[in-house]
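The values are calculated or read from the model by the stated rules, or taken from the named source; none is laboratory data. Everything quoted here is computed from the prediction, not taken from an experiment. A quick note on method: Cβ atoms are made from the backbone with ideal geometry, for glycine too, and the neighbour counts reach across all protein chains shown. These area figures cover heavy atoms from the full protein model, side chains too; ligands, DNA and RNA do not enter into them. Shrake-Rupley method; radii C 1.70, N 1.55, O 1.52, S 1.80 Å.
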Amino acid sequence: MHHIDFVREEVDVAVRHGDGNWSGLDAVRLCTEQLFPVCSPKLMSGRNRINQPSDLLKSSLLHLDDSKAWSQWFDAAGVAEPETSHGLVLNRASMLIDAAVDGQGVALARTTLAAWDLINGRLARPFDLSLRLSKTYWIVCPKATSMKPKIKTFRDWLLAEAADDTRRLRKILVRNHNNQLASATRR
């Protein structure tokens, strides 16, 4: 919740969320962030399954603080004037993810916060559509120490781990997209 003070604290490297512009720091983008709907896989099947973006309006929408993000997503999906004020409002992203995993509704989640649950099948993405976010996670350290071997080694490892997660998420997205196409063909 606070930025590390590299001068006063005994920390070599940190991960920050923001735009990547911090004076005196070397910042390397860890990942890109997108915002997209996620839900329990149980909501993807059965009589009330989610087939198109407007179907989400029949589900409980899970909100982080307010419904602005949902309005933006529905606008991008071409759903005219959706009523997005229904559903739970939570003030922590982790609570939002947990509620979606538990089947309490559909949440708009950021890539990094939903990745583990998507990779492990606890969450599903009903649609490919996502909103690109301007702020993301960055690996930061003082410019003066950025090329130290221990920092470079750690940064390279962290970037490789993030790239592996990105590959695994892409595979899930492709598989979901193919399943949606097959389902639409059968209708």
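Structure notes:
- All positions within the range 72-127 that are open to solvent by less than 50 Å² (accessible area, probe 1.4 Å), among the polar types (S, T, N, Q) and not in a loop (DSSP other than H, G, I, E, B): Thr111
- Pairs with Cβ under 8 Å, 6+ apart, first in the range 1-25 and at pLDDT 90 or above, second open to solvent by 80 Å² or more (accessible area, probe 1.4 Å) and of a type in the set (Ser, Thr, Tyr): Asp19/Ser134
- Close pairs from the range 33-60: first without any contact (Cβ under 8 Å) to a residue 40 or more places away in the chain and of a type in the set (Lys, Arg), partner assigned to a loop (DSSP other than H, G, I, E, B) and open to solvent by 40 Å² or more (accessible area, probe 1.4 Å), Cβ under 9 Å, at least 6 apart: Lys58/Asn48
- Of all residues in the range 8-25, those satisfying the criterion of being outside any strand (DSSP E or B) and either touching a Pro at 6+ places or on another chain (Cβ under 8 Å) or open to solvent by less than 60 Å² (accessible area, probe 1.4 Å) (or both) are Val11, Val13, Gly20, Trp22, Gly24.
- Within the range 117-169, if we keep just the residues that are more than 13 Å from the chain's Cα centre (by Cα) and among the aromatic types (Phe, Trp, Tyr), the residue that is nearest to Val13 (Cα to Cα) turns out to be Phe154.
- One residue stands out in the range 133-158 among those that are crowded, with 16+ Cβ neighbours inside 10 Å and of a type in the set (Phe, Trp, Tyr): the one that is nearest to Leu25 (Cα to Cα), namely Trp138.
- Each residue in the range 128-143 was checked for being under 15 Å from Asp19 (Cα atoms), in a loop (DSSP other than H, G, I, E, B) and polar (S, T, N, Q), and 1 pass.
- Across the range 28-55, the number of residues qualifying as open to solvent by 30 Å² or more (accessible area, probe 1.4 Å) and within 24 Å of the chain's Cα centre (by Cα) comes to 15.
- Residues of the range 56-65 that are surrounded by 12 or more Cβ atoms within 10 Å (Cβ to Cβ) and either in a helix (DSSP H, G or I) or among the hydroxyl-bearing types (Ser, Thr, Tyr) (or both): Leu56, Leu57, Ser59, Ser60.
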